[in-house]
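Structure first, commentary second.
What follows draws every value from the coordinates through simple rules; no lab data is involved. Model, not experiment: these values are computed from the prediction. Cβ coordinates were reconstructed from backbone atoms using ideal geometry, including for glycine residues, and neighbour counts include every protein chain displayed.
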């Protein structure tokens, strides 16, 4: 359902919160200001200051410093000790924006190409409404997280005591999703996003003249053999019903056309939804690299680094979130069997410590972009991406309804 209707029509059809609709222009101004001033992982000082100042203006106490630049608003009302967390990410990407609209990035090589500006603005919109109306009993922790883009900011916040200083029953997250109709949501219990892992193998051979290969040990040939053999892990070792990806993204070797180099290097990524599958892939990659190199009298140094675990939604919390979404935008606009993605998200760390649910909110096909945008497509991590501002009242209304409903449930 592309969003082209009036605010009043939106409120009627989608049952959005009227006061949030009325403040949409203010939320949009915040979003575009953040977009124009992107900050990379753990550098979100301006953004964090702005978030903290807004929360303070609305009478919401703020906890700072978790994860370095993280901000947590602590919104309490009534006597209940019940609590939940709502999380948004704040960091941008090292991407050169090619859009030329007024709110385009003012910092070369930095861009909000993933919509974290919109995520932050939606949670601020919800915070403003909750602070004004206080029609809930309990505590809402408003988590503004740094460094989602590869920095593991969620893990850092947890290590710094997020769930100790902010005891919550559950935690919820949300991410915009281009290609999904604006105004719709996608969610699934179980795996939603894959684990993210990096590998590197350095094959050590013996350099020689390219015209005299018999006098050396060619590490390039060995690396090629390893690369080809690794693909059999996916096709012959993995259960065909268990999705996994092993992709080599870099090959480095040599500096001259007439020299066999001493070393060759392969670098890439592995994505899975299942830890047991990941364990098997890592083990087999190491075995194949070592044994293939040995067969050619070479030596392989293999390194495997696990970045983010798979993002796995909890069944009960997902069912709860789905009911809120259906009541907000209608059952036909909620896909409860959305296809998982091999992309990764560090909200997975939070879901390892606390039950919760992560949802996709449709960002549309890109028609929302004003004149001055790049050639497209309007996809995540694309230099002509822009967040769809029409989603701001939808996402903010979801956060408010979710918090109200969660805190009104009978204590267990």
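Worth pointing out:
- Descending Cα extents along the principal axes, the stretch 2-125, whole Å: 47, 41, 21
- Once the Cα atoms are used to define both axes, helix 24-36 deviates from the longest principal axis of the chain by about 30 degrees.
- Packing order of peptides 270-278, 100-108, 31-39, highest average first: 31-39, 270-278, 100-108 (average count of other Cβ atoms within 10 Å over each peptide's residues).
- Placing R0 at 35 angstrom, the Cβ-Cβ distance between residue 106 and residue 160 gives a FRET efficiency of 0.70 after rounding to 0.05.
- Between the stretch 284-341 and the stretch 217-247, the alpha-carbon center distance in angstrom: 19
- Sum of -39500 (n - 2.57) over DSSP H runs of 4+, divided by residues of the chain (222 nm, nearest 500): -10500 deg cm²/dmol
- Each of 357, 114 was scored by other Cβ atoms within 10 Å of its Cβ. Arranged with the fewest first, they read 114, 357.
- If the chain linking residue 279 and residue 236 were pulled fully straight, counting 0.36 nm for each residue of separation and taking away their Cα-Cα distance, it would gain 13.9 nm.
- Antiparallel %, DSSP beta bridges [both residues in the chain], to 5: 65
- The stretch 376-408 residues near the modelled residue 133 label - backbone nitrogen below 19 Å, point 7 Å along Cα→Cβ: 391-408
- Along each principal axis, Cα extent of the chain, largest first, Å: 79, 51, 41
- Mean-position separation - Cα centroids, the stretch 111-128 and the stretch 348-412, in angstrom: 8
- The mean of 1/r over all pairs of different alpha-carbon atoms in the stretch 196-307, once inverted, gives a Kirkwood hydrodynamic radius of 14.5 Å.
- Building the convex hull from the alpha-carbon atoms of the stretch 142-249 and averaging its projection over directions returns 12.8 nm².
- Diffusion of the stretch 77-231 by Stokes-Einstein, at 37 °C in a medium of 0.692 mPa s and with Rh set to the Kirkwood radius over alpha-carbon pairs, works out to 161 µm²/s.
- Rounded to the nearest 10 degrees, the inclination of helix 219-232 to the longest alpha-carbon principal axis of the chain is 50 degrees.
- The stretch 249-279 and the stretch 35-59 have Cα centres separated by 38 Å.
- With respect to the chain, whose longest principal axis is taken over its alpha-carbon atoms, helix 315-329 is tilted by about 50°.
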